[in-house]
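Enquirer: Input: one structure, supplied below.
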Amino acid sequence: MDFGGKYNRKNLILLGSTGSIGTQTLSVVEKWPQYFKVAALAAGSNVKLLEEQARKFKPGFISLAQKEGAEELRKRLRDTSVKVLCGEEGLWEIASTPEADWVVNALVGFDGLKPTVAALQEGKNIALANKETLVAGGELIMNLAEEKGVTIVPIDSEHSAIFQCLQGENWERVSKIVLTASGGPFRGCTLKELSKVTLAQALEHPNWVMGKKITIDSATLMNKGLEVLEAQILFGLDLDQIEVVVHPQSIIHSMVEFIDGSVKAQLGVPDMGVPIQFALTYPDRWPSSFERVNWRETERLSFEMPDMDSFRCLKLAYEAGKIGGTMPAAMNAANERAVELFLADRISFLDIPRIIEETMHKHKVISCPSLSDIIDVDREVREQKIL
Ligand SMILES: NC(=O)c1ccc[n+]([C@@H]2O[C@H](COP(=O)([O-])OP(=O)(O)OC[C@H]3O[C@@H](n4cnc5c(N)ncnc54)[C@H](OP(=O)(O)O)[C@@H]3O)[C@@H](O)[C@H]2O)c1
């Protein structure tokens, strides 16, 4: 499709290009070569895929977290003009490169915070998938975005749904938002059943194919907890205005209730391509060939309340949000550490909420934290003896 000169080509920086969101972002970009140019790419350790992406999209810079990987990439890309950077410094340099005015943050975990700050300081708009950034550094990020006058467009499907429902609306007329949750692979399980679940079972999400960390977060419902805090920050709401409802079909991506009782929802098949494309083309909407909802085959849309006694992570996230300050950052760090250990098969599924709860009990909250306070809290929690 040609928009007849309506749009200038957007220069993008993509952080986390080799992951689930990163690769889906490049699939959207690939469809619109006349409208998107990839200025820079960053990834963690996947040398092979980053090399392929660099050859295909021809960015000026790329960065890899690991030094050895970056050395290897430099050798492999000797015949090109692509500059290969590495580590935290490389990520910072890429996020603030003047060559682009949009950053897609598809990094996983707390590692996404500093590059987001770097990009905001340079006045870049952000298409944000990395929810941990807002959970850990929410106020700081939103204040910086306001100060620099930049736009943050959510990619997370629930937040994209809310953002889409709010287009053309006065945000002060919202009475509450309803975040939908699939319930994950263990919906309906008792605590006794949860005590026996395996890593392989937890990695089998019923509706979405995603990176490993978010897949485990979805199984514990911490993903929904992180999303509650993400929504609180992004839309400036009180926690009691955010409700979670389990909707196993994942067709309704979330809803907004307004002060007159009217409810708007955004629906679609579960495919992250839709919110990714919306974020890249915002404030317009472009055509796509993503699968459509087949209403003839959609017999029912059902809803139930989440079981916060068996899935304690969701309750803990609400508690962290109520306490505020550095508590969400401490909770997030404990969750990341616990999920790492679970993925390494070193702890059980129910150890995850236990570790988070113990961390939260011990944590001494700092109110109105600076970036260095948040970084210190994250490091201290990761360094604490867990096993
Ligand atoms: N996947 C989804 O459908 C989905 C939906 C909604 C929201 N989200 C959110 O989007 C974010 C990304 O999720 P994902 O599922 O795409 O994760 P993922 O598949 O694990 O991908 C993470 C990406 O970050 C890179 N990375 C990790 N550590 C890095 C570091 N220190 N420096 C540079 N790059 C690093 C990885 O590189 P390597 O692979 O090369 O190591 C990879 O490219 C998460 O915050 C998640 O909660 C995801």
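Enquirer: Give me the pairs: first residue in region 4-32 and in a helix (DSSP H, G or I), second residue within 13 Å of the ligand (Cβ to nearest atom) and polar (S, T, N, Q), beta-carbon distance under 8 Å, and six or more apart or on different chains, which are they?
Expert: From region 4-32, the pairs are T23/S17; T25/S17; L26/S17; L26/Q53.
Enquirer: List the residue pairs whose Cβ atoms are under 6 Å apart, where the first residue sits in region 64-81 and is over 24 Å from G112 (Cβ atoms), the second is not hydrophobic (A, V, I, L, M, F, W, C), and the two are 6 or more positions apart or on different chains.
Expert: Close Cβ pairs (under 6 Å, with a partner that is not hydrophobic (A, V, I, L, M, F, W, C)) amount to R76/E51.
Enquirer: Would you point out the residue of region 96-113, among those that are within 10 Å of the ligand (Cβ to nearest atom) and assigned to a helix (DSSP H, G or I), that is farthest from F61 (Cα to Cα)?
Expert: My answer is F110.
Enquirer: Do we find that T198 is outside the structural domain of G22 (by TED's automatic domain parsing), among the hydroxyl-bearing types (S, T, Y) and within 12 Å of the ligand (Cβ to nearest atom) in this structure?
Expert: Numbers: outside the structural domain of G22 (by TED's automatic domain parsing): yes; among the hydroxyl-bearing types (S, T, Y): yes; within 12 Å of the ligand (Cβ to nearest atom): no.
Spelling it out, it is not the case that T198 is outside the structural domain of G22 (by TED's automatic domain parsing), among the hydroxyl-bearing types (S, T, Y) and within 12 Å of the ligand (Cβ to nearest atom).
Enquirer: Also, I was wondering about something else. Of the conditions (1) under 19 Å from the mean Cα position of the chain (by Cα); (2) away from the ligand (no atom under 16 Å from the Cβ), A161 satisfies every one except a single condition; which number is it?
Expert: (2)
Enquirer: Scan the helices (runs of 4 or more DSSP H) fully inside region 303-387 and keep the ones with 2 or more residues being among the basic types (K, R) and more than 23 Å from N143 (Cβ to Cβ).
Expert: On the way: elements: 312-323, 327-343, 351-362, 371-383.
In region 303-387, 312-323, 351-362 are the helices (runs of 4 or more DSSP H) which contain 2 or more residues that are among the basic types (K, R) and more than 23 Å from N143 (Cβ to Cβ).
Enquirer: When E88 is evaluated against the numbered criteria (1) of a type in the set (D, E); (2) modelled with pLDDT under 95; (3) near the ligand (Cβ under 10 Å from one of its atoms), which criterion, by number, is the only one it fails?
Expert: The one condition E88 does not meet is (2).
Enquirer: Of the conditions (1) within 14 Å of the ligand (Cβ to nearest atom); (2) part of a strand (DSSP E or B), A39 fails just one. Which one is it?
Expert: (1)
Enquirer: Tell me, which residue of region 127-158 that is aliphatic (A, V, I, L, M) and assigned to a loop (DSSP other than H, G, I, E, B) is nearest to the ligand (Cβ to nearest atom)?
Expert: Taking region 127-158 and keeping what is aliphatic (A, V, I, L, M), we get 127-129, 134-136, 140-142, 144-145, 150, 152-153, 155.
Right, trim to assigned to a loop (DSSP other than H, G, I, E, B) and you get 129, 150, 155.
Numbers: A129: 3, V150: 19, I155: 6 Å.
That would be A129.
Enquirer: Shifting gears a bit: Under the condition of being in a helix (DSSP H, G or I) and not aliphatic (A, V, I, L, M), which residue from region 114-123 is farthest from the chain's Cα centre (by Cα)?
Expert: Narrowing region 114-123 to residues in a helix (DSSP H, G or I): 114-121.
Subsequent filtering for residues that are not aliphatic (A, V, I, L, M) retains 114-116, 121.
Numbers: K114: 15, P115: 14, T116: 12, Q121: 20 Å.
The residue in question is Q121.
Enquirer: Look at region 123-181 and say how many of its residues are aromatic (F, W, Y) and crowded, with 21+ Cβ neighbours inside 10 Å. Walk me through it before giving the result.
Expert: Of region 123-181, the ones aromatic (F, W, Y) are 163, 171.
Okay, now just the ones that are also crowded, with 21+ Cβ neighbours inside 10 Å, so 163.
Residues flagged as aromatic (F, W, Y) and crowded, with 21+ Cβ neighbours inside 10 Å within region 123-181 amount to 1.
Enquirer: Right, next: Take E358 and decide whether it is closer than 27 Å to G22 by Cβ and acidic (D, E). Don't jump to the end; show me each part of the working.
Expert: On the way: closer than 27 Å to G22 by Cβ: no; acidic (D, E): yes.
Against the criterion (closer than 27 Å to G22 by Cβ and acidic (D, E)), E358 does not qualify.
Enquirer: When you scan region 49-71, do you find a residue that is farther than 18 Å from A106 by Cβ and aromatic (F, W, Y), even just one?
Expert: For region 49-71, residues farther than 18 Å from A106 by Cβ and aromatic (F, W, Y): absent.
Enquirer: Right, another one. Which residues, taken from region 207-263, are within 16 Å of the ligand (Cβ to nearest atom) and of a type in the set (S, T, Y)?
Expert: Selection gives T215, S218, T220, S250, S254.
Enquirer: While we're here: Say whether the condition of being touching a residue at least 24 places away in the same chain (Cβ under 8 Å), surrounded by fewer than 22 Cβ atoms within 10 Å (Cβ to Cβ), among the β-branched types (V, I, T) and in contact with a helix residue (DSSP H, G or I) (Cβ under 6 Å, 6 or more places away or on another chain) is met by at least one residue in region 43-60.
Expert: Yes, region 43-60 has at least one match.
The values are calculated or read from the model by the stated rules, or taken from the named source; none is laboratory data. None of these values were measured; they are calculated from a predicted model. Counting neighbours? That spans all protein chains shown, and the Cβs are built from the backbone with ideal geometry, glycine included.
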